[in-house]
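The values are calculated or read from the model by the stated rules, or taken from the named source; none is laboratory data. Quantities reported herein were computed from a predicted structural model and do not represent experimental measurements. Cβ placement follows ideal geometry from the backbone for every residue including glycine, while neighbour counts extend to all protein chains displayed. Surface areas here come from the heavy atoms of the whole protein model, side chains and all, with no ligands, DNA or RNA. Shrake-Rupley method; radii C 1.70, N 1.55, O 1.52, S 1.80 Å.
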Amino acid sequence: MGVVVPLEEAAGESRIEALNRLAAPDMERVNQVILSHAASHVSMIPDIANHLITSGGKRLRPMLTLATAGLCDYTGSGHIKLAATVEFMHTATLLHDDVVDQSNMRRGKLAARMLWGNEATVLVGDFLLGQAFKMMVEVGSLQALEVLSSAAVVIAEGEVMQLSAAKDTQTSEDDYLAVIRAKTAALFGAASEVGPILAGRSKAEIAACRGYGLNLGIAFQLIDDALDYGGKSAKLGKNVGDDFREGKITLPVVLSFRRGTEAERAFWRRTLEAAEIGDGDLETAIAIMRKHRGLEDTVERARHYGAMAHDALELFPASPWKAALKDVVDFCIERAH
């Protein structure tokens, strides 16, 4: 199957509108909880936290918690704090990521570290994680606490795995998928799993929601990897080619390195391993990827995981929540068209 390249984020926002509409009342409550728990008498903490929290992210992960709770007919209020917990975990990860990656931009704005420095940014990330665990405890579900706290451990492991694989052109596809399962998909999976847990659903239904989230998370990250080489800066909220400049080994690189000529492999070793990047090297990287279908096949793999996310929901009867969750999968994939 062919995929349109160059990749651009499409006007496929309508794919996520149903979820936005269904989750809107609960998201208002989640946002109130987020803002209240980002408050502190130490003024730098809310300044840094709100810089990222209010910067226009889609809040996809907390909406998955709300949506799977709705899918499972949950009638309590615990999903509100758990959704806020998920967003705080994600925000903390972004703050830490930007320091590790030395990123200058985040969601189209200067990264917090560029305004307040690395030390303050890391510490505010730690504050948000502390608040996240506090909210988990307040909800009172030991099972949900176990799921989210385990996800926090796995995410940290994924960050370290990525750090150890950075600039290593020998990274295999399996190695890379292990990184994104931990670094990205774990939070998608946990966010989706706690909804049915709160609703007291069966092990099979809990596992189905977790499988949905995990596969959606992998698909989401693979599309991000492709967009970094084929998207547009204004749509990405970061600079195109940031992964390349930071020496990140992502799936388009893994595929292109494996399929390339010896001269092309030498190019990847120079630019990514030795960090010797000159004018025109990003364009050369993209050309090599297109030659070897690195971008197209990354999108095709994302479609595969998206199909598994779709299938995981088939355990549940038809409902507006189920339809909206399926649309989210399509939205994530269609960003690459």
S43 and R21 label points (each 7 Å along its Cα→Cβ direction) are spaced in nm at 4.4
Using Cα atoms only, what is the angle between the long axis of helix 118-139 and the major principal axis of the chain, expressed in degrees (0 to 90) to the nearest 10?
-> 30
Mind checking the angle between helix 142-165 and the chain's longest principal axis? C-alpha axes, 0 to 90 degrees, to the nearest 10.
-> 10
Averaged per residue, the 1.4 Å probe accessible area of the range 24-98, protein heavy atoms only, in Å², is roughly 35
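Can you give the helix-only mean residue ellipticity at 222 nm for the chain, where every DSSP H stretch with n ≥ 4 adds -39500 (n - 2.57) and the sum goes over all residues, rounded to the nearest 500 deg cm²/dmol? Could you put the intermediate results ahead of the total?
Values: 17 runs with 239 residues, N = 337.
Dividing the helical sum by the residues of the chain leaves -23000 deg cm²/dmol.
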Cα-projected label distance for L35 with L315, points at 7 Å along beta-carbon direction, nm | 3.7
Checked against the positive end of the charge dipole of the chain (+1 on Cβ of Lys and Arg, -1 on Cβ of Asp and Glu, about the Cα centre), the farthest of S164, S319, I80 is S319
Any idea of the accessible area per residue across the range 113-180, 1.4 Å probe, to the nearest Å²?
-> 50
Give the carbon-plus-sulfur fraction of the accessible surface of the range 35-160 in %, rounded to a whole number; probe 1.4 Å, heavy atoms of protein chains only.
-> 58
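If you place +1 on the Cβ of every Lys and Arg, -1 on the Cβ of every Asp and Glu, and leave all else neutral, what size is the dipole of the range 27-86 about its Cα centre, to the nearest 20 Debye?
Values: 5 positive and 3 negative charges, 21 e Å.
Using Cβ point charges on Lys, Arg, Asp and Glu, the range 27-86 gives about 100 debye.
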For K109, which sequence-distant residues (separation of 5 or more, or a different chain) have an amide H within less than 5 Å of its own amide H, given hydrogens modelled in the peptide plane?
-> none
State to the nearest 20 debye the size of the charge dipole of the chain about its Cα centre, where the only charges are +1 on K and R beta carbons and -1 on D and E beta carbons.
-> 440
With axes computed from alpha carbons, what is the tilt in degrees of helix 186-198 against the longest principal axis of the chain, rounded to the nearest 10 within 0 to 90?
-> 20
Carbon/sulfur fraction of accessible area - the range 241-282, other protein chains in place, 1.4 Å, % = 49
How large is the charge dipole for the range 273-336, taken about the Cα centre, if only the Cβ atoms of Lys, Arg (+1) and Asp, Glu (-1) carry charge, to the nearest 20 debye?
-> 380
Could you work out the Kirkwood radius for the range 7-127, taking every pair of different alpha carbons, averaging 1/r and inverting it, reported in Å?
-> 15.4
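For the chain, which semi-axes, largest first and in whole Å, follow from the square roots of 5 times the eigenvalues of its Cα gyration tensor? Let's see the in-between values first.
On the way: eigenvalues 212, 115, 58 Å².
Calculated on Cα positions only, the semi-axes equal 33, 24, 17 Å.
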Considering only protein heavy atoms, what per residue accessible area in square angstrom results for the range 249-337 with a 1.4 angstrom probe?
-> 42
Which Cα, out of V194, G294, I218, lies furthest along the positive dipole direction of the chain (beta carbon charges, K/R +1, D/E -1)?
-> V194
What are the ³J(HN,Hα) values, in whole Hz, obtained from phi via the Karplus relation 6.51 cos²θ - 1.76 cosθ + 1.60 with θ = phi - 60°, for each residue of the range 23-29 in sequence order, with x given for Gly and Pro?
-> 8, 3, x, 5, 5, 4, 5
